[in-house]
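Undergrad: Have a look at this one before I ask anything.
The values are calculated or read from the model by the stated rules, or taken from the named source; none is laboratory data. The shown structure was predicted, so the numbers you read here are calculated from the model rather than taken from an experiment. No Cβ is skipped: glycine too gets one built from the backbone with ideal geometry, and neighbour counts run over all protein chains shown. Side chains are part of the model used for accessible areas, which takes the heavy atoms of the whole protein and leaves out ligands, DNA and RNA. Shrake-Rupley method; radii C 1.70, N 1.55, O 1.52, S 1.80 Å.
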Amino acid sequence: MYDNEMKLEFLSKSSNEAFARITIAAFASQLDPTIEELADIKTAVSEAVTNCIIHGYEDAEGIIKIKARLIKNTIEIEISDTGKGIENVELARKPLYTTKANLERSGMGFTIMESFMDDVEIDSVFGLGTKIIMKKKIKKHLVELKEEEFAGLGGVG
Amino acid sequence: MNINFIKQDKQLIVEITEEIDHHVAEKIRRKVDDEITRYMPRKTIFDFSRVTFMDSAGIGMLIGRYKMMRLIGGSLEIVNAGSTVSRILEMSGINKIIPIEKMAM
């Protein structure tokens, strides 16, 4: 049902943030994304993984899991931790909201994920952990153009 | 950690050659704060010409340094941000409080 799938598991160390986003970007490059689309994916993954480290595990050691799937020209990325979970998801999504202002967090994490990806789902149970599922369609403009062309052809036929 | 400081006429130029995420931002914060407290610049300039990636941790780091410069009566400026970094800067609205210049050197 998926065209391709990968799984990644690593310790919640901040030095793994770069490892995670570069690995997912390498996987996503199979869809031949633009440089901008690749930067979007890298940034969104970086935000989600940082959230697991700072908020989920609060700098204690834990495991972060990433699953990525390619379905046609869409990449679906699932990032999960078994940390403390989000008490109020609605509040966490709000721009500039942060529970860690003392760590100079900007409160922009979810806002950036939502702006750079097409869809962001937050599945969190307070005390048990958080799972983020993000989706992004690659080469959207190109595909939409093709669909229009097909529609035009259909009209002629 | 690739960070270089140029001190000239009470201006502190911070050249970073690194992807700025939460891991790196913590280190930048420590090093830059150290330089600011010792040199007490009138202006701190972040040169982003060699920064290829930045996420929200960079925004937090910049706001923190902006506050610190204000505290000592100085200012903060960002120069030479590429398109990827510029998008994050604009999205955060940070460009409304910190001047972002193309070629101020």
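Undergrad: Quick one: length gained pulling A:L8 to A:E87 fully straight, 0.36 nm per residue minus the C-alpha distance?
TA: 25.8 nm
Undergrad: So, one more: Heavy atoms only, probe 1.4 Å: what % of the accessible area of region A:4-156 goes to carbon and sulfur, would you let me know?
TA: It is 54 percent, rounded to a whole number.
Undergrad: Find the all-direction average of the projected area of the Cα convex hull for region A:4-156, expressing the result in square nanometres with one decimal place.
TA: 9.9
Undergrad: Inside 10 Å of the C-beta atoms of A:106-114, what's the mean count of C-beta atoms belonging to other chains?
TA: 5
Undergrad: Can you give the average number of partner chain beta-carbon atoms within 10 Å of each beta-carbon in peptide A:45-51, as a whole number? Don't skip to the end; give the middle numbers.
TA: On the way: counts 1, 10, 5, 0, 3, 7, 2.
Taking all residues of A:45-51 together, the mean is 4.
Undergrad: Could you give me the ³J(HN,Hα) list for region B:66-74, computed from phi with Karplus coefficients 6.51, -1.76, 1.60 and θ = phi - 60°, whole Hz, x at Gly and Pro?
TA: 4, 5, 5, 5, 4, 4, 9, x, x
Undergrad: While we're here: Comparing A:A28, A:A101, A:A60, which has the greatest mean-square fluctuation in the GNM of chain A with Cα pairs linked when under 10 Å apart?
TA: Of A:A28, A:A101, A:A60, the Gaussian network model singles out A:A101 as fluctuating most.
Undergrad: Compute the projected area of the convex hull of the Cα atoms of the protein assembly as shown, averaged over all viewing directions, and report it in nm² to one decimal place.
TA: Working: hull surface 65.8 nm².
Reported value for the Cα convex hull: 16.5 nm².
Undergrad: Provide the packing ranking of A:2-9, A:89-96, A:36-43, B:39-46, i.e. peptides ordered by the mean count of other C-beta atoms within 10 Å per residue, highest first.
TA: Put in order of decreasing packing, that is A:36-43, B:39-46, A:89-96, A:2-9.
Undergrad: Here is a follow-up. May I ask you to evaluate 6.51 cos²θ - 1.76 cosθ + 1.60, the Karplus curve with θ = phi - 60°, for each residue of region B:2-7 and list the ³J(HN,Hα) values in order in whole Hz, giving x for glycine and proline?
TA: Each residue's phi maps through the Karplus curve to give 10, 9, 10, 10, 10, 10 Hz.
Undergrad: Using each residue's phi in region B:88-97, evaluate 6.51 cos²θ - 1.76 cosθ + 1.60 at θ = phi - 60° and report the 3J(HN,Hα) Karplus result to the nearest Hz, with x for Gly and Pro.
TA: 5, 4, 5, 4, 6, x, 5, 5, 7, 10
Undergrad: Who wins for biggest fluctuation among B:A57, B:A25, B:A81 in a Gaussian network model of chain B, springs between alpha carbons below 10 Å?
TA: Answer for the Gaussian network model of chain B: B:A57.
Undergrad: Would you mind checking the pairs A:K42/B:K10; A:K94/A:K137; B:K43/B:K96; A:K67/A:K137; A:K42/B:K96; A:K72/B:K102 and listing those with alpha carbons more than 28 angstrom apart?
TA: Long pairs (Cα-Cα over 28 Å): A:K42/B:K10; A:K72/B:K102.
Undergrad: Would you grab the residues whose amide H sits under 5 Å from the one on A:K84? Only those 5+ places off in sequence or on another chain, please, with H modelled 1.01 Å from N.
TA: A:Y57
Undergrad: Here's another thing I want to ask about it. Would you mind checking which residues have amide H under 5 Å from A:M108's amide H? H placed 1.01 Å from N; only 5 or more apart, or other chain.
TA: Amide H neighbours of A:M108, under 5 Å, 5+ apart: A:L96.
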